[in-house]
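S.K.: Shown below is the structure under consideration.
What follows draws every value from the coordinates through simple rules; no lab data is involved. As the structure is a prediction and not an experimental result, all values here were calculated from the model. Cβ placement follows ideal geometry from the backbone for every residue including glycine, while neighbour counts extend to all protein chains displayed.
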Amino acid sequence: MTAEYDFGMIGLGTMGRNLLYNMNDHGFSVSGFDKDTKQVDTLIKESVGKKIYGTSVLKDFIDSLKQPRAIVMLVPAGKIVDSVIEEVKPFLSKDDLLIDLGNSHFTDTDRRNEQLRKENIHFMGAGVSGGESGARFGPSIMPGGAKEAYDRVADMLKAVSAKVNGEPCVTYIGPGSAGHYVKMVHNGIEYAIMQLIAEAYHLLKEIGGLNNDELHETFAKWNKGILQSFLIEITADIFAQQDDLTKKRLVDMILDAAQQKGTGAWTSEDAMEQQVPIPAIDIAVSMRDLSSYKKEREAAEKILKGINIENKENKDVLIAELEQALYFSMITTYAQGLSLLSIASEKYKYGLKLEEIAAIWRGGCIIRAALLESIRAAYAKEPSLSTILLDESIAQKLDQSQSGVRKTIQQGIENGIPLPVMSVSLAYYDSYRRGWLPSNLLQAQRDYFGAHTYQRIDREGIFHTRWNSNVQ
């Protein structure tokens, strides 16, 4: 086998095959490998006349690549990644490069990086967002690892990535697991925004009484304004989709029990470890969990009483207020995720450039939105900004939209409609904007029952009081 192909692709499922075609479209020859011969046959059939090779024989795949080799892996995260590495490793040579484009946990990426470094094999963990369409026509890519490894493949990554104003939606994120960490937080933000949109749907459907056509029109209109984003766009499409089996709208035939692959929960876990508040993401993860209790919820509906829902006569007012509420909540959601990245950058020594991260999220990825241009501008103005909430332009947007979120949450409370992410988004904002919080009472309680001590506002030091306690 002649070593004539620029890059290798392990994993020829829909994502891997689409990205392989994307690479080839931009002038790179690519060799593909998959143990599943059906996937290989599909690749061969679809790539006639192109500089693409497909095989289910690992040695043939490795031998087909130019040295030093650069191999992309697009396989499910977890043990499968380790298994692939172990299988391919005996065929690799010094300075070969493995790139994991799956949703691997960042700690696994650090471990793999360290192990392969000892064997003189380069390893990169890179986050990719954009789904099947993004893989084929341009995703947002978040590569981490050694800078010299990134430099080897930078031209290819820039070529296949999405473009915004001619700028590629890829940048070197940082060393080690930086790429997969940023993708993890991206997914956490994605969880929260999806839940926010679901909450808006709940209000529009039950209080506004909007049918699917009206929902489609509302979201399509929103996508032309301040809420312009990929998730709002596809939501408009969803309400118009007909079910081939029943001829009803498909959204009404889908079971209301959401699933998840874990990346949102990973974000919450690490944020708690670092003591960074991200309540919008936390509650979004919990709501997916709660939705899975379908049978219990159906039983509870017969026992637990709420309040009668009053349909709002003026739908236009509800829609206008809800547009502001979504905008406000989306801003605070991005703020929470980016604040976590700011803290993680210091802890893990990633050296993250948040302006560049916001820039590459503007196109290709699932959380792309017009709002990200304002966020990018905030970090361009002040790179060390601890939170976008302190940017004057962002603060003004929040001020202008907070009336809508307050009125919307009130509507939810009065009608028994749960708005968990929207509610915590406002609570986060109201807590952050206050110079005083009642946490002094918490510290007094902790010292009262557990002698945990406290600090004072009038002098330095750590203090403990012998309270008039009946606690034994």
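S.K.: Could you tell me the calculated FRET efficiency between A3 and H26, based on Cβ-Cβ distance and R0 = 25 angstrom, to the nearest 0.05?
M.R.: That gives a FRET efficiency of 0.75.
S.K.: With unit charges on the beta carbon (Lys/Arg positive, Asp/Glu negative), name the residue among G364, L426, Q336 whose Cα is farthest towards the positive pole of the charge dipole of the chain.
M.R.: Looking along the dipole axis, the top candidate is Q336.
S.K.: Which FRET efficiency, nearest 0.05, do F91 and K261 yield, Cβ-Cβ r, R0 25 Å?
M.R.: 0.25
S.K.: Taking +1 at the Cβ of each Lys and Arg and -1 at the Cβ of each Asp and Glu, which of H186, L385, Q455 sits farthest along the dipole of the chain towards its positive end, judged by Cα position relative to the Cα centre?
M.R.: Farthest towards the positive end: Q455.
S.K.: Please report R434, R136, R69 as a ranked list, fewest other C-beta atoms within 10 angstrom at the top and most at the bottom.
M.R.: R434, R136, R69
S.K.: Counting other beta carbons within 10 Å of each Cβ, put W361, W266 in order, fewest first.
M.R.: Working: W361 26, W266 21.
Lowest to highest Cβ neighbour count: W266, W361.
S.K.: Pairs of alpha-carbon atoms within less than 8 angstrom and 6+ residues apart define the contacts here; what relative contact order does the chain have, in percent?
M.R.: 13 percent
S.K.: Which lysines, if any, have their Cα less than 18 Å from the Cα of K45, not counting same-chain residues under 8 positions apart?
M.R.: K45 reaches K35.
S.K.: Rank-order 285-295, 347-357 by packing density, defined as the average count of other C-beta atoms within 10 Å over each peptide's residues, highest first.
M.R.: Result, highest mean first: 347-357, 285-295.
S.K.: Moving on. Before rounding to the nearest 500, sum -39500 (n - 2.57) across all DSSP H runs of length at least 4 in the chain and divide by the residue total; then give [θ] at 222 nm in deg cm²/dmol.
M.R.: Taken over the chain, the calculation gives -17500 deg cm²/dmol.
S.K.: Taking H placed 1.01 Å from N in the peptide plane, check which residues at least 5 places from R249 or on another chain put their amide H under 5 Å from its amide H.
M.R.: HN-HN under 5 Å from R249: D243.
S.K.: Nothing charged except the Cβ atoms of Lys and Arg (+1) and of Asp and Glu (-1): what's the magnitude of the dipole of the chain about its Cα centre? Round to the nearest 20 debye.
M.R.: Approximately 420 debye in magnitude.
S.K.: Okay, next question. Near the amide H of W467, under 5 Å away, which other amide H atoms are found, from residues 5 or more places off or on another chain, if H is placed in the peptide plane?
M.R.: When sequence neighbours closer than 5 places are left aside, there are no close amide H contacts.
S.K.: Hey, which lysines would be in cross-link range of K381, C-alpha to C-alpha under 30 Å, not counting anything within fewer than 8 residues on its own chain?
M.R.: Correct list for K381: K147, K158, K163, K183, K224, K347, K349, K353, K397.
S.K.: Might you report the magnitude of the Cβ-based charge dipole of the range 7-176 about its Cα centre, with Lys and Arg at +1 and Asp and Glu at -1, to the nearest 20 debye?
M.R.: 200 debye
S.K.: Just subtract the alpha-carbon distance of A198 and K347 from 0.36 nm times their residue separation and send over the number in nm, one decimal.
M.R.: Full-extension gain reported as 50.2 nm.
S.K.: Say R0 is 51 Å: what FRET efficiency, to the nearest 0.05, do K295 and Y454 get from their beta-carbon distance?
M.R.: Calculated value: 0.65.
S.K.: Output needed for the range 93-200: three equivalent-ellipsoid semi-axes, defined as square roots of 5 times the C-alpha gyration tensor eigenvalues, in descending order, whole Å.
M.R.: Whole-Å semi-axes of the equivalent ellipsoid: 26, 18, 10.
S.K.: Can you tell me the length gained on complete extension of the stretch A377 to K35, counting 0.36 nm per residue apart and subtracting the Cα distance?
M.R.: 118.5 nm
S.K.: Please get the size of the charge dipole for the range 1-89, origin at its Cα centre, with Cβ charges of +1 on Lys and Arg and -1 on Asp and Glu, quoted in debye to the nearest 20.
M.R.: Taking the Cα centre of the range 1-89 as origin, the dipole is about 60 debye.
S.K.: Neighbour counts of other C-beta atoms within 10 Å: give me K147, K397 arranged from fewest to most.
M.R.: Going from sparsest to densest Cβ surroundings: K147, K397.
S.K.: Next question. Specify which labelled value, from [x] 24.6; [y] 22.8; [z] 29.3, agrees with Kirkwood radius over Cα pairs in Å derived from the coordinates of the model shown.
M.R.: The value computed from this structure is option [x].
S.K.: Is the shape of the range 35-127 best called rounded, prolate or oblate, per the rule: a/c under 1.5 gives rounded, else a/b larger than b/c gives prolate, else oblate, with a ≥ b ≥ c the square roots of the Cα gyration tensor eigenvalues?
M.R.: Cα axes put the range 35-127 in the prolate bin.
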